[in-house]
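The values are calculated or read from the model by the stated rules, or taken from the named source; none is laboratory data. All values derive from a computational prediction rather than experimental measurement. Here the Cβ positions follow ideal geometry from the backbone for every residue, glycine too, while neighbour counts run over all protein chains shown. What goes into the accessible areas is simple: the full protein's heavy atoms, side chains included, and nothing from ligands, DNA or RNA. Shrake-Rupley method; radii C 1.70, N 1.55, O 1.52, S 1.80 Å.
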Amino acid sequence: LGRILAADHSTVRLVLVTSAGTHENDSLLETREVDLAVLRADEPLPGGAALLAVLRTNVAVVVAPARHKLESISELKGKRLGLVVRSAQDEAIATRLLDSFNLKPADVSLTAIKSSDVGALTKSGKFHAVLVFGAPTDPEVSGVVYAVDYKRKEGPSILAIEIGDFSKGSSAAASSATIAKLAFPRRGIPEEEVESVGIPTVLAANRASSRPLKGKLYNNAITELTKTLL
């Protein structure tokens, strides 16, 4: 976006601030250390901030070796599920997701794992399935999927998630999402569209200063940036 603004000779420029992730971004926006921030929509917007645009949707991708013959997240009772943690909120969301299918901690063994361990852990049978949150086009997400039972000729299965009451117990931001057919082409999966749960990643901005001139300039800059983004 910064490069596009410069190429279009926009009067607006972006100064990028690197953070530890969306959780820190909330704090940076709330304390007005930044004017804009990339946030997860399942977290409340900081006071005074406004939503500008949805950037992408992070999908719950549950993948299992084909030999386990799993088709839906509801079939995970009595199974071991590995969670590749990419955000501070992932474990809480995974727990709520399982709970919405009446899968309690006693029913499913949920363990945080590293993406680099996915291949060995699924090959050995230590885990029946792996959960990762993100966009299917994200190389880190596709890397997790490709690592599951990677030495087997038959590709793994992408488990369906029917959203049901999950959004009621999680956030109004959670919604039904679809993992497209052949979203992971190197393994030729899934063979058909698969229903899942998605949580948007959004761009938010602080509201303008109460000082009239400064507020007008700020609002004009935000408007120009949003138009460029769209």
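Among the residues of the range 196-219, what is the count of those that are loosely packed, with under 14 Cβ neighbours inside 10 Å and touching a Ser or Thr at 6+ places or on another chain (Cβ under 8 Å)?
Count: 1.
Among the residues of the range 191-216, count how many are of a type in the set (Asp, Glu) and touching a helix residue (DSSP H, G or I) at 6+ places or on another chain (Cβ under 7 Å).
Number of matching residues: 0.
Which of the residues spanning the range 4-19 are part of a helix (DSSP H, G or I) and closer than 19 Å to Leu52 by Cα?
Those that are part of a helix (DSSP H, G or I) and closer than 19 Å to Leu52 by Cα: Ile4, Leu5.
Scan the range 137-161 residue by residue and report those that are surrounded by 21 or more Cβ atoms within 10 Å (Cβ to Cβ) and assigned to a loop (DSSP other than H, G, I, E, B).
Kept after step one, since they are surrounded by 21 or more Cβ atoms within 10 Å (Cβ to Cβ), are these residues of the range 137-161: 141, 144-145, 147-149, 155-159, 161.
Answer for the range 137-161, where residues must be surrounded by 21 or more Cβ atoms within 10 Å (Cβ to Cβ) and assigned to a loop (DSSP other than H, G, I, E, B): Val148, Asp149, Gly155, Pro156, Leu159, Ile161.
From (1) open to solvent by less than 70 Å² (accessible area, probe 1.4 Å); (2) within 16 Å of the chain's Cα centre (by Cα), pick out the condition that doesn't hold for Leu81.
The one condition Leu81 does not meet is (2).
Lys181: modelled with pLDDT of 95 or more and either surrounded by fewer than 14 Cβ atoms within 10 Å (Cβ to Cβ) or not in a loop (DSSP other than H, G, I, E, B) (or both), yes or no?
Considered against the rule, which asks whether it is modelled with pLDDT of 95 or more and either surrounded by fewer than 14 Cβ atoms within 10 Å (Cβ to Cβ) or not in a loop (DSSP other than H, G, I, E, B) (or both), Lys181 comes out as yes.
Being out of contact with any Lys or Arg (no Cβ under 9 Å at 6 or more places or on another chain), open to solvent by less than 40 Å² (accessible area, probe 1.4 Å), small (Gly, Ala, Ser) and in a loop (DSSP other than H, G, I, E, B) is the filter here; which residues of the range 20-41 pass it?
Matches in the range 20-41: Ala41 only.
Can you report the number of residues in the range 8-19 which are open to solvent by 70 Å² or more (accessible area, probe 1.4 Å) and either farther than 21 Å from Tyr218 by Cβ or without any contact (Cβ under 8 Å) to a residue 40 or more places away in the chain (or both)?
6
Can we say Ser87 is under 30 Å from Arg207 (Cα atoms), at pLDDT below 95 and in a helix (DSSP H, G or I)?
No, not satisfied.
Within the range 48-72, which residues are open to solvent by 60 Å² or more (accessible area, probe 1.4 Å) and either of a type outside the set (Asp, Glu) or under 17 Å from Ile199 (Cβ atoms) (or both)?
Leu51, Val54, Leu55, Arg56, Arg67, Lys69
What number of residues within the range 90-129 satisfy the criterion of being over 22 Å from Glu195 (Cα atoms), out of contact with any strand residue (DSSP E or B) (no Cβ under 9 Å at 6 or more places or on another chain), open to solvent by 40 Å² or more (accessible area, probe 1.4 Å) and in a helix (DSSP H, G or I)?
3
Can you tell me which of (1) modelled with pLDDT of 90 or more; (2) touching a helix residue (DSSP H, G or I) at 6+ places or on another chain (Cβ under 8 Å) is the one Ala53 doesn't meet?
In the conditions (1) modelled with pLDDT of 90 or more; (2) touching a helix residue (DSSP H, G or I) at 6+ places or on another chain (Cβ under 8 Å), Ala53 misses (1) alone.
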